[in-house]
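Data block below; observations after.
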Amino acid sequence: MNVNVAEHLLEVYRGIHPSFTKMMEHMVSGPVLGLLVSSKNGNTVEELREFAGPLEPKLAHKLRPKSLRGKLGIDLARNVIQCTDLPEDGGSECDFFFNVLASLN
């Protein structure tokens, strides 16, 4: 992932998330793996966010130590996983990773 792609993906956090620049730097620092996750009961976003744990790894370590961020998160920028906040955003994020980015190769 390059800076332009990371900026496009994370644009909604610009000016809102205190670690926006650090998040971008981290996202372009190494390989990124995009996954399309689904569930049988239709609560995919809630279930994935439950698995990921709280956004802030310090909270995840205390409140949800068995979550992904609880086990592996370092700080707000390096919190292991970027997952959609809202079910209605999942489709556009998947389109971005699996259609838009794929067409660039």
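The values are calculated or read from the model by the stated rules, or taken from the named source; none is laboratory data. Note that the structure is a prediction, hence the values are computed from the model and not measured. Note that we place each Cβ from the backbone using ideal geometry, even for glycine, and neighbour counts take in every protein chain shown. These accessible areas exclude ligands, DNA and RNA; they are computed on the full protein's heavy atoms, side chains included. Shrake-Rupley method; radii C 1.70, N 1.55, O 1.52, S 1.80 Å.
Here are the numbers:
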{"item": "When residues of segment 67-86 are limited to those that are in a loop (DSSP other than H, G, I, E, B) and farther than 19 Å from Val32 by Cα, the one farthest from the chain's Cα centre (by Cα)", "result": "Ser67"}
{"item": "Boolean, Gly30 is part of a loop (DSSP other than H, G, I, E, B) and touching a residue at least 40 places away in the same chain (Cβ under 8 Å)", "result": "no"}
{"item": "Conditions (1) open to solvent by 100 Å² or more (accessible area, probe 1.4 Å); (2) touching a residue at least 40 places away in the same chain (Cβ under 8 Å); number of the one not met by Ser19", "result": "(1)"}
{"item": "Residue that is surrounded by the most Cβ atoms within 10 Å (Cβ to Cβ), among those in segment 27-52 that are under 16 Å from Leu101 (Cα atoms) and not small (Gly, Ala, Ser)", "result": "Met27"}
{"item": "Top-ranked residue of segment 56-105 - restricted to ones that are of a type in the set (A, V, I, L, M) and touching an Asp or Glu at 6+ places or on another chain (Cβ under 9 Å), ranked as least open to solvent (accessible area, probe 1.4 Å)", "result": "Ala77"}
{"item": "Any hit, segment 93-102, residues being more than 20 Å from Met23 (Cα to Cα), within 17 Å of the chain's Cα centre (by Cα) and not basic (Lys, Arg)", "result": "yes"}
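To keep it simple, each residue is scored yes or no on (1) assigned to a loop (DSSP other than H, G, I, E, B); (2) touching a His at 6+ places or on another chain (Cβ under 9 Å); (3) without any contact (Cβ under 8 Å) to a residue 40 or more places away in the chain; (4) acidic (Asp, Glu).
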| site | (1), (2), (3), (4) |
| --- | --- |
| Glu25 | no, no, no, yes |
| Leu35 | yes, no, yes, no |
| Leu48 | no, no, yes, no |
| Phe51 | no, no, yes, no |
| Pro65 | yes, no, yes, no |
| Glu88 | no, no, yes, yes |
| Asp95 | no, no, yes, yes |
| Phe98 | no, no, no, no |
